[in-house]
Structures are given as C-alpha cells and as structure tokens.
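Enquirer: One structure, pasted below without further comment.
The values are calculated or read from the model by the stated rules, or taken from the named source; none is laboratory data. Note that this is a predicted model, so its numbers are computed, not measured. Please note: Cβ atoms are built from the backbone with ideal geometry, for glycine as well, and neighbour counts cover all protein chains shown.
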Amino acid sequence: MSAGDPPDTRNVIDRFRGWSHEAIVADLDARRHPFHVAIENWQHDLNIGSVVRNANAFLAAEVHIVGARKWNRRGAMVTDRYQRVRHHPTLAGFAAWAAEMDLPVLGVDNLPGSVAIDDYALPERCVMLFGQEGPGLSEEARALSEVVLAIRQFGSTRSINAAAASAVAMHEWIRRYA
C-alpha cells in the first residue's frame with residue numbers, strides 16, 4: 001500500500017493489510033489447524049456468527065453449520081469471508097461427512113456425565129460440536145458424539161453461551177497442539 005492509498009478497513013491483522021481477499025484466504029488455507037467446529041442451527045441462533053469469528057481467530061479447518069442454512073452473520077464481523085464454512089442440512093449428513101473424513105465428533109455441553117475438556121485427551125484431528133443457545137446439544141447430536149465434554153464453571157450460572165464455549169474449547173485445543 002502506498003502513502004496515497006486509502007487505509008485498509010477490513011477486520012484483519014496488520015500482516016494482511018493491503019492483501020487481496022484471495023491472498024488472505026490462500027495464506028490461511030495453507031496454515032489451518034486440523035480441528036473443525038460445528039454448531040446446530042435449528043432456531044437461527046445468534047451465537048453462530050461469533051462461533052465463526054472464534055474459528056477464524058483460532059484458525060480452525062472449517063465451521064460446520066448443521067440445520068438451517070440461514071444464520072446471523074453479524075457476530076462474524078466479516079470473518080466468514082476468510083473462514084471455511086460448510087452447511088449440512090441434517091445431523092445424519094454431518095455425521096456421515098465426519099465418518100468419511102475419519103474425524104471423531106466431540107460434543108461440548110455441560111450435561112450430567114460429561115467429561116471435563118481439560119481432563120480429556122483431545123485428538124488432534126476432530127470436530128467439536130456445539131448445540132443451540134438454551135437447549136444445548138440435541139439428543140441426536142449427543143448420540144452421534146464420541147464423548148460429551150464440559151467446560152468447568154465455578155459461578156452460579158447454569159451455562160456459558162455457545163460462542164463463549166466455542167472459544168474456550170478451541171483455545172484448549174490450541175493450548176495443546178499449536
């Protein structure tokens with residue numbers, strides 16, 4: 001960028017200032033981590049955009065939106081332009097894709113019987129699946145998960161939202177492997 005060019009106002013780190021969209025995506029694609037994240041979208045959850053933004057921040061391979069195709073992109077803050085996002089209309093279709101890719105599905109929800117994420121041997125290649133805000137993982141999602149992981153909490157709230165949970169879970173993966 002020369003001194004006379006307008007400033008780059010995209011939501012990208014300084015290293016990418018002035019780069020084309022295609023060049024940024026190509027650079028990210030060459031460095032993406034082998035974990036994926038997925039979120040159920042049966043109620044047009046407002047957290048989905050923030051999950052996409054978190055996945056971009058932690059350089060997830062892909063985000064999988066399971067259920068309705070339409071999702072609220074506002075929370076993504078335009079990071080969905082740089083993050084690989086795939087849609088699966090059904091959990092069965094998502095599970096078939098994960099099996100084909102030989103990726104274990106790890107549910108993330110603080111349900112009775114769940115295992116603390118920081119005590120679990122997270123596989124390097126995996127998909128972390130989050131449920132909707134409110135109801136959490138559906139029964140079908142729990143059934144297809146190899147394990148359901150919980151994030152330890154110490155206050156009075158029953159749960160943290162899906163966007164916050166996704167950030168904590170992705171950071172746990174990053175802490176171990178990146």
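Enquirer: Only residues that are within 18 Å of His33 (Cβ to Cβ) and of a type in the set (Asp, Glu): list them for the range 76-122, please.
Expert: Asp80, Asp102
Enquirer: Is one or more of the residues making up the range 18-27 without any contact (Cβ under 8 Å) to a residue 12 or more places away in the chain and either at positive phi or among the aromatic types (Phe, Trp, Tyr) (or both)? Step through it out loud before you land on a result.
Expert: Step one: of the range 18-27, the residues without any contact (Cβ under 8 Å) to a residue 12 or more places away in the chain are 19-20, 22-23, 26-27.
Among the residues that remain, those that are also either at positive phi or among the aromatic types (Phe, Trp, Tyr) (or both) are: 19.
Scanning the range 18-27, I find at least one residue that is without any contact (Cβ under 8 Å) to a residue 12 or more places away in the chain and either at positive phi or among the aromatic types (Phe, Trp, Tyr) (or both), so the answer is yes.
Enquirer: When the range 105-121 is examined, which residues are found to be in a helix (DSSP H, G or I) and surrounded by 13 or more Cβ atoms within 10 Å (Cβ to Cβ)?
Expert: Filtering the range 105-121 down to residues in a helix (DSSP H, G or I) leaves 117-119.
Within the range 105-121, Ile117, Asp118 meet the criteria.
Enquirer: Yes or no: Asp102 farther than 30 Å from Arg158 by Cβ and part of a loop (DSSP other than H, G, I, E, B)? Steps first, answer last, please.
Expert: Details: farther than 30 Å from Arg158 by Cβ: yes; part of a loop (DSSP other than H, G, I, E, B): yes.
Yes.
Let's see how each residue does on (1) aliphatic (A, V, I, L, M); (2) under 18 Å from Ala165 (Cα atoms):
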| position | (1), (2) |
| --- | --- |
| Leu46 | yes, yes |
| Ala76 | yes, yes |
| Leu91 | yes, no |
| Asn110 | no, yes |
| Gly113 | no, yes |
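Enquirer: If we keep just the residues of the range 119-178 that are among the β-branched types (Val, Ile, Thr) and modelled with pLDDT under 95, which is farthest from Val63 (Cα to Cα)? Reasoning before the result, please.
Expert: Going residue by residue through the range 119-178, those that are among the β-branched types (Val, Ile, Thr) are 127, 147-148, 151, 157, 160, 168, 174.
So of that shortlist, the ones also modelled with pLDDT under 95 come out as 157, 160.
Numbers: Thr157: 27, Ile160: 20 Å.
Selected residue: Thr157.
Enquirer: To continue, here is another question. When Asp45 is evaluated against the numbered criteria (1) under 16 Å from the mean Cα position of the chain (by Cα); (2) modelled with pLDDT of 95 or more; (3) among the acidic types (Asp, Glu), which criterion, by number, is the only one it fails?
Expert: Just one mismatch for Asp45, condition (2).
Enquirer: Given the criteria closer than 16 Å to Leu137 by Cβ and out of contact with any Lys or Arg (no Cβ under 9 Å at 6 or more places or on another chain), does Leu106 qualify?
Expert: yes
Enquirer: Can I ask one more? Can you spot a residue in the range 122-131 that is part of a loop (DSSP other than H, G, I, E, B), crowded, with 18+ Cβ neighbours inside 10 Å and either small (Gly, Ala, Ser) or in contact with a Cys (Cβ under 8 Å, 6 or more places away or on another chain) (or both)? Talk me through it step by step, then tell me what you get.
Expert: Narrowing the range 122-131 to residues part of a loop (DSSP other than H, G, I, E, B): 122-125, 131.
Those still in the list that are crowded, with 18+ Cβ neighbours inside 10 Å too: 122, 131.
Subsequent filtering for residues that are either small (Gly, Ala, Ser) or in contact with a Cys (Cβ under 8 Å, 6 or more places away or on another chain) (or both) retains 131.
Yes: one or more hits.
Enquirer: Let me ask something else. So, of the residues in the range 77-95 that are touching a strand residue (DSSP E or B) at 6+ places or on another chain (Cβ under 9 Å) and part of a helix (DSSP H, G or I), which turns out to be nearest to His171 (Cα to Cα)? First the steps, then the outcome.
Expert: The initial filter retains those residues of the range 77-95 that are touching a strand residue (DSSP E or B) at 6+ places or on another chain (Cβ under 9 Å), namely 80, 83-91, 93-95.
If we keep only those that are part of a helix (DSSP H, G or I) too, we end up with 80, 91, 93-95.
Values: Asp80: 19, Leu91: 25, Gly93: 27, Phe94: 23, Ala95: 24 Å.
Restricting to residues being touching a strand residue (DSSP E or B) at 6+ places or on another chain (Cβ under 9 Å) and part of a helix (DSSP H, G or I), the top hit is Asp80.
Enquirer: If Lys70 satisfies all but one of (1) free of Cβ contacts under 8 Å to residues at least 60 places away in the same chain; (2) surrounded by 15 or more Cβ atoms within 10 Å (Cβ to Cβ); (3) within 17 Å of the chain's Cα centre (by Cα), what's the number of the condition it fails?
Expert: (2)
Enquirer: So Ala30 fits all but one of (1) loosely packed, with under 12 Cβ neighbours inside 10 Å; (2) at pLDDT below 95; what number is the exception?
Expert: (2)
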